[in-house]
Structure formats: C-alpha cells, structure tokens
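Trainee: First the structure, then my questions, so here it is.
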Amino acid sequence: MNMRALYLGVFFVITPIVIVTYKVFVLDMPFLPLKSTDTWNYEVQIKKSAVKRLKNSLQDELFLPVPPSADYQTVKSYKISPNPELTSVYRKKDKYLAISKENVIINGDIKAAAIITRTDARKTQKDKLSKSERKAYLDISWVDEQGFEDLSKLNESLVSPRESIKDKINKISYFITDEFVLTPGDSNFSDVVRLFSGNSLDQARLFTALLRLNKIPSRISFGTFITDTSNKKDVRHIRAFLNEVYINGSWKLFSSEFKDLDSPPDNFLLIQRDIDQNLTLLASRDVYKITVRPNQTVFYDSREAVENIVNQNNVLPVISLYTLPLPLQKVFYTLLLIPIGTLVLCFFRNIVGITTFGVFTPILLSLFFLETSLLVGFILATIVGLFGVALHYSLNRLYLLAVPRLSIVLTFVVIIYIVVALISEQLGLVEMAASVISAFPIVIITIFTERFVIKLQEEGIKNTTKAFLGTVTVAICSFLIFSIEALGLAVFNHPELLMITIGLNIFIGTYSGFRLTEFFRFKDLYINR
Amino acid sequence: MKFSTINDILGNNFRIRNLILPHNHRRDFPLVDNKVKTSQLALANNIPTPNTLLHIRFHGEVRGAITQLREFKNGFVVKPGRGSQGGGILIVKAVVEHGGSPLFITSKEDMTEYRFRHYISGILSGLYSLDNQADEAIIQELIINSPNISSISPLGVPDIRIIVFQGFPIMAMLRIPTNVSGGKGNLHLGAVGCGLDLKTGLIFHSIQFDREVTNHPDTRLKLKGFQIENWSTVLSLSAKASLLARIGYLGVDIVIDKSRGPLLLEMNARPGLSIQLANNRGLKPLLKKIISDAPLNLSPNEKIPWALENL
C-alpha cells in the first residue's frame, strides 16, 4: 500500500476520534445531543361518576384544568368533549377553563384535550396589577389566628424587614426548598407552619403566606412534572402545586422542584394559574384524570452549554451546528448523511463489486426513502419509474430530440406528484401527501429512467436487472444506515467525525485487491484445474 | 499451457489503481475515446483504418448528410464519436429507394428517413456518449469479412482485441458476435471471446458469458485451432497504434477487411478484464514480467519479438 495514503488515511480516522474523545471525556460534552420533547398531548378527563358527585357540591362552576399559554409554553389547540355550547365554556381571567354549573351535563364523561408546545422563554409577559388584584394577592385572611402567629415567628427568623424584595424571596424559597418535608395526606395549616411538613398544596400555601406577609404579591398555581416517558402510552408525571410571585411587573414561577429556582425545566407543564382556595380537588386523582403524552421529540444541544464549556476550559470556540437557525440545522442534518451514504456506495462498488445506475442514484434514492418512509418512497419511486419507462416508449414514435423529450417526462412527473398529493389527501393518507413535498430527489431519478430504458434496449433485461437490483440494494443498505438515529445525531453533534469517512475512503481508494463479485466471475481461472 | 492462480488474475481495482491511473494519462484519453480523432491520427500516420465517409457535428448537418448517405447503396456504419462499449453503433447494410424516399436497411430494423434522422440526432444529443455530453456522429465504410473470417463469424464482423502494455502486445482475443449479443462484439452482451495464441494467432480457448464454450453457439462450429490470417500484420498494427496513442495500458481493436486486410478499428484506454477468461490465464504475471524484465530501449519493431519470446 502507498505509505503516504496510509498515513493520510490513519490521520483522517484518528484525528476526529481524538477530538471527540477529548470533547466527551475532558470537556464533558455529551456525545449524543440531549433529546427533549417539545410538544405534548395533554388530556384531562372527569369521569361521569365524578361529574355527578361534583355537580352537587359545586358552588357555581366546574373547572377544567386545561393548560394556559404562558412564557414557557404555547397552547396550540384544545377541544372539549362532549362539545358543550361555546358560551358555556369560558376561560376565566385567562387563567382556567370553567363551565358554569347549569351547563354541566351529567350523562357522560367530560374530556378536554390540548396540544402544548414548550418553548424557551425569551421574554416575560408584563402583567399590570390593579389595586384590587394587588389586594387579593396579598390577602392572608384565610390563615387562622394560631397559624398567623406561627407564621409571623417563622418569618422573623427567616428575613429582616430591611432586606430587598429579591433577598426576601430568595431566603424564603431556599427555606421552602431545603427545610420543607413533603408528606401525603391533609394537615392543619398551623401544623404545617410549625412542622415544616405537609403535601404539595401545603407547601405552596406556606410559600404564598410567607411572601404575602412580606407584602410581596403571590399566588398558587398547578402543574405537572413529567418524570418518565419510556412508556409512551403511560407517561408518568407528578402533579404539583407551586407558586407564582409578582416581581418587577410580571409573574414568575417558583417551585422547590425546579433546578434553577425561578425557571421551569423542560419536563414541566403549567396546567392552571392562580388557584382559588377552594380548588384543592385538583390534587385529587379520582376527580381529574390527567394524562400527558409526548407528541414530538426534538434533539438539542443547548447553545449555552457549549458556550459554558468553551468559557470554562478556555479552549477555542467549538464549532457547533446548533448555532445555526433551525431550518438550516435540518438541512445540515440531511447533508451530513450524504458522505456516509457515499462511503457505503464506495464499499459496495469497489469492495463488493456491485453495479448501479449512475454513481449517486442510490444515495438520492435512500435520502428520498429517509424523507418519506421505505414503503411510501418505494411505491412513489416505482410509480415514477414505471411511468417514465411507459412515457419513453410512447414518445419514441414522435422521434423527439433527447433533451426536450426528457423535459416532457419531467413535466409529467411533476403532474404525477400533484395527482398523487391530491388523491392521497382526499383518501386521508397524510403521510403520502406530505412525502410528495420532499419528492425532489425523485425528480432526478427520472433522468436515470431514461438511462434505464437505453440500457434495456442496448444490453437486454439481464444486465439491466443486475444494475437495477444493485441500485436498490445499495439504496436500501444506506437507508438502513441512515435510519440509525444515533449515527446521524453523533455526526451532527460532532461534524469533525466526517473526517473519518475521508480516511475510510482513502483506504477503499487504495484497495487494489479483488472485488467480491470477481471471485465468482473469474472462478474458472483458478478452480477446477 | 500455463496455469493461473488467483494471484495471477487482474481485478478491476488493481487495473484502475496500478495500470490505468499511473500509465494512462488523462490528457491522452480524448485521442482514444474519440473515434474521430483516432481515425484522423491513424490516417496521418499511415495506419490503415476504416474510411470515414462523413462526420456529423451538428443537428443542422443531419438533413444534408442523409442526402449524401442515400448514395451509399452498399451500406455503412454509424458510430457515436465518443461511444462506450459499442453503444449506439448502427450497421446499415444497404440503402434502398422506397417510394421516392430512402429506406435504411440496418442490422436491427428497416428505418425510414425520419427514423434514421432521429437516430443520428440521438447520437448528437449524447445519448450514447461516455459522459452524456453532446457528441458527434461518424459514418464509416462497412467492413466486409474475408472468407476465412466469415467461416467462423457468419453473423457479423468480429474484432481482435489486443492488450498492449508499454508497447508490448501481451494478450489477444477474438470477439465473435452472436445472436444473443445482437450482432455486437461485446462480451457482456453474449459475444464469444476466443483466446488467441500471441505467437501464432490460433484460437486455443473460448468463452461466452464468462464460461467456457467449445463451439460457436449459433453455428456449432468448432472454434479451437482457427487461424487468424495476417497475424504478424495484426500484431505490428497494434504496436504501432499504441505508440501513437501514448497510452501505457491500452486495448487495441483490429478488424480484418476482405480487401484491405487488418484495419485499426478503435482503441480503448480502459480495456476490460474478460480477456483473461478468454485466454484462460491471468494478466498479472505478464504485466510483472514487462515491468521487471523488459529492456527499456527497444524500438517498436523490436518489442514484438521480445514479447513473443518472453511471454
């Protein structure tokens, strides 16, 4: 083997491995990007039996805990079934959904479903408090006398009146986070104050009471933490009461469950804000059955994490594709797969010895399969292929010049797309319809249809079938490799890994031994003597 | 007969990496890839080659060309200038007048003027060219088999492929068209490949579709022992051609015409590997021998005797 090529190949393989090893083990960067679910299907159900039970005890309305839009989440859509009159469901003060008592239908379950997208909060919504609102959010009249006394003592031990609001909030929240012990069951509020223990609602109440005592407006809200999404049908989540504090003209969420005290983690969904004192039944599982299911998962490598690592370790800025806007990231995700595909192609052509139609047709095909799905892609490619062949033969009689004929075939292919898209939309085959959008690679395949026909005419079925099967084999193999999500993500996370494909291509390129198929082709020369 | 082991066989990767890339320079490719250039070069150097009757470069010339071609009643051959593996070659056996317009009787079908013009347009558009770029069409005189050759290849004109490495002819075969190959000389289409003894021009082994055959599949004629006429002329023609082409590892294709004798048909800078099967031996030992033992300063005329003596 050529030594220069050998060294170069080894260099290209080793270097990225060294870089990535350094990144992962020394800089502590993740090898694969972290995955996060950004869209959730939320559903709350009140069983028929519970509805009946509730209606009698209701004061004037039934609350439906359907998440509101907030700084960290956007509600894309919600629907309520059975669908009562629109007027009977209202969002009260933009906080929660309610159905007035007389409109509650007892003869069935009530269901509300919503699709919620989690977003990074960049801006906080300003919310001006009116005098009466301010008064309401400072009200602690619900605390009994004994409780108030204990509360004041506790407060004195925690904060001094001269401290800034920020310090007060910090001290109180650290106290709640560190000292409060969550216990199941209901307890008397004064016990809660004395023992620093109680359920989630008690915790939130204590926090609110302490803040209000310090003249900081606050309220109790309700949400859920998704803890385990491994079983997609039964995602585990923990409901919790938490607090919103009014600081600098806007409401901020506080929870002892948050890692960063005042910013909600990705697995948190806010379900209801500003809970009335009488809404304790939100905590009860036998009234509201809440289910959460992941709807769409995205991968991300938070930009800040990368920047932090760079700052901490004083290394040169790490190249990260995550600094690009999202649509561009998607393009690059696909683009980065191409070198992997060509590597597979090189292997099949030069080591195995398979013939294909055109050099890059298989890669285009497999990208197309990836964009759609193997089955849909295959069906569509077959339709286009067969159509191309049929059209070729029918146009043959017109004796058209080659390039205009090709444009006619292409035009017809575009028309086929329109037809396929319309029909599949009509039939409700959404996947099929959507795949047509990403059909661009298949347009290129039309050109190869032309070569297919010529090969068929010149070299007969046998040789054409061989090349066709070779093309499909390589396409399916690289599709299968493309489907390994971890591979694509690893390359996306560490683009330098692409150097490995250069190195491996150098090795394949210097290989001058036999192709596997040649052992069969030349077998008469070395066997049976 | 010499026996081959697997290490003697020349594989595709080795051919490209160790023969074509180092010995065949890209700048010299057009001379052999383009039949027009090959033909002009041969003419200029007094190497016998089929006569070029017409040379069509542009779509606008097609109509005029057909008017001229009408007159070649005895037939001609249409070839793409830069075709690969025999693609796009059309043999016109005769031109007859049919109701005031010419009818081209080809080996495939009878073509009307309209159909024939379309065919040439296809060539010009690059349908058959190596890189699918616009191409030229070249019209050459029809080769007619000598009676001797005709006896072994009644279906069409066979050609002799000689591998010339650095000016030394090292291996030769005869490619006989069959019904399966559609009258073409391409081995992968089903033409019969016959290994030729380099010293004598005698067929000693034959294959079809990479596997041994003893008789012509259509005529059942025995192939072994057939003698190619004017063998020494064929060999010297191949050596002369390789000198012109400046391609180190070259395939030279020669046909034998009834009246003109051996003619240089075309050259190939990427000659295939099946010649090994036709000769029942691998090429590698021969190439190695040339590289290690061949005297450097031999004149072209001395290279043939050296090759015959030592290979």
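Trainee: When only alpha-carbon atoms count, how far does the range B:20-176 stretch along each of its three principal axes, as whole angstroms with the largest first?
Mentor: 55, 39, 26
Trainee: How tilted is helix B:113-125 with respect to the longest principal axis of chain B? Cα atoms for both, answer in degrees (0 to 90, nearest 10).
Mentor: Relative to chain B, helix B:113-125 is tipped by roughly 50 degrees.
Trainee: Also, quick follow-up: Rounding to the nearest 20 debye, state how big the charge dipole of the range B:1-151 is about its Cα centre with +1 on each Lys and Arg Cβ and -1 on each Asp and Glu Cβ.
Mentor: 320
Trainee: Volume per residue, Å³, of the convex hull around the alpha-carbon atoms of the range B:7-102?
Mentor: Each residue corresponds to 167 Å³ of Cα convex hull volume.
Trainee: Moving on. At 0.36 nm per residue, minus the direct Cα-Cα distance, what do B:Asn215 and B:Asn230 gain on full extension? Give it in nm, one decimal, please.
Mentor: 3.1 nm
Trainee: With only alpha-carbon atoms counted, please give the Rg and Dmax of the range B:228-308, in Å.
Mentor: Gyration radius and largest Cα-Cα distance of the range B:228-308: 13.5, 41 Å.
Trainee: Now, a different point. Kindly write out, for the range A:246-251 in residue order, the coupling ³J(HN,Hα) from the Karplus curve 6.51 cos²θ - 1.76 cosθ + 1.60 (θ = phi - 60°), rounded to whole Hz, with x marking Gly and Pro.
Mentor: Going residue by residue, I get 8, 10, 6, x, 8, 8 Hz, with x marking Gly and Pro.
Trainee: Turning to a different aspect of this structure: Calculate how large, on average over all directions, the projected area of the Cα convex hull of the range B:211-273 is; give the answer in nm² to one decimal.
Mentor: 5.8
Trainee: Using only the alpha-carbon atoms, how far is helix B:300-310 inclined from the longest principal axis of chain B? Give it as 0 to 90 degrees, nearest 10.
Mentor: Here the helix axis deviates by roughly 50 degrees.
Trainee: Counting only other chains, and only Cβ atoms inside 10 Å, what mean value do you get across the residues of A:507-519?
Mentor: For this peptide, the per-residue mean of nearby foreign Cβ atoms is 4.
Trainee: Let me ask you something else. Could you work out the mean projected area of the convex hull around the alpha carbons of chain B, in square nanometres to one decimal?
Mentor: It is 15.8 nm².
Trainee: Before we go on, tell me the buried accessible area for the A/B pair, both chains summed, 1.4 Å probe, in Å² to the nearest 100.
Mentor: Heavy-atom accessible area buried at this interface is about 3100 Å².
Trainee: Here's another thing I want to ask about it. With a bin width of 10 angstrom, please list the P(r) values of the range A:163-209 as percents of all Cα-Cα pairs, from the 0 bin to the one holding the largest distance.
Mentor: 29, 52, 17, 2
Trainee: For peptide A:394-402, compute the average count of partner chain beta-carbon atoms within 10 Å of each residue's beta-carbon.
Mentor: 4
Trainee: Residues with amide H under 5 Å of B:Leu142's amide H, sequence separation 5 or more or different chain, H placed in the peptide plane at 1.01 Å from N; which?
Mentor: For B:Leu142, whose amide H was placed from the backbone, the distant partners under 5 Å are B:Val77.
Trainee: So what's the angle, to the nearest 10 degrees on a 0 to 90 scale, between helix B:284-293 and the longest Cα principal axis of chain B?
Mentor: 60
Trainee: Tell me which residues come under 5 Å, amide H to amide H, from A:Met29 once H is placed; ignore anything under 5 positions away on its chain.
Mentor: The list, which skips near neighbours in sequence, is A:Val24.
Trainee: Rank A:Val51, A:Val352, B:Gly100 by how far each Cα sits towards the positive end of the charge dipole of the protein assembly as shown (+1 on Lys, Arg Cβ; -1 on Asp, Glu Cβ) and give me just the farthest.
Mentor: B:Gly100
Trainee: Rank by packing, highest mean first: peptides A:140-148, A:402-410, A:358-366, A:209-217, with packing defined as the count of other Cβ atoms within 10 Å averaged across residues.
Mentor: For the peptides A:140-148, A:402-410, A:358-366, A:209-217, the packing ranking is A:358-366, A:209-217, A:402-410, A:140-148.
Trainee: Out of residues 5 or more away from B:His55 or on other chains, whose amide H comes under 5 Å of its own, with H placed 1.01 Å from N in the peptide plane?
Mentor: B:Ile139
Trainee: If you don't mind, there's one more thing I want to ask. Could you please tell me the mean projected area of the C-alpha convex hull for the protein assembly as shown, averaged over all directions and given in square nanometres to one decimal?
Mentor: Taking a quarter of the hull surface, the average projection is 51.0 nm².
Trainee: In vacuum, with every alpha carbon of the range B:158-311 counted as one equal point scatterer, what does the Debye formula give for log10 I(q)/I(0) at q = 0.17, 0.18, 0.19 Å⁻¹? Two decimals, please.
Mentor: For the range B:158-311 at q = 0.17, 0.18, 0.19 Å⁻¹, log10 I(q)/I(0) is -0.94, -1.05, -1.16.
Trainee: If we sort A:171-177, B:257-263, B:293-299 on the protection proxy, mean other Cβ atoms within 10 Å, highest first, what's the order?
Mentor: A:171-177, B:257-263, B:293-299
Trainee: With θ set to phi - 60°, apply the Karplus curve 6.51 cos²θ - 1.76 cosθ + 1.60 along the range A:345-362 and write out the HN-Hα couplings as whole Hz, x wherever there is a Gly or Pro.
Mentor: Using θ = phi - 60°, the values come out as 4, 4, 4, 5, 6, 9, 9, 7, x, 8, 8, 10, 7, x, 7, 9, 3, x Hz.
Trainee: As an exercise, identify the GluC sites (Glu not before Pro) in the range B:95-191 lying in DSSP coil whose Cβ has no more than 11 other Cβ atoms within 10 Å.
Mentor: Qualifying residues, ordered by number: B:Glu109.
Trainee: What translational diffusion coefficient, to the nearest whole µm²/s, does the range B:96-163 have by Stokes-Einstein, given a Kirkwood radius computed over alpha-carbon pairs, a temperature of 10 °C and 1.306 mPa s viscosity?
Mentor: So the translational diffusion coefficient is about 107 µm²/s.
The values are calculated or read from the model by the stated rules, or taken from the named source; none is laboratory data. Predicted model only: the values in this text are computed from it and were never measured. Backbone-built Cβ (ideal geometry, glycine too); neighbour counts: all protein chains shown. The area values use the complete protein model at the heavy-atom level, side chains included, leaving out ligands, DNA and RNA. Shrake-Rupley method; radii C 1.70, N 1.55, O 1.52, S 1.80 Å.
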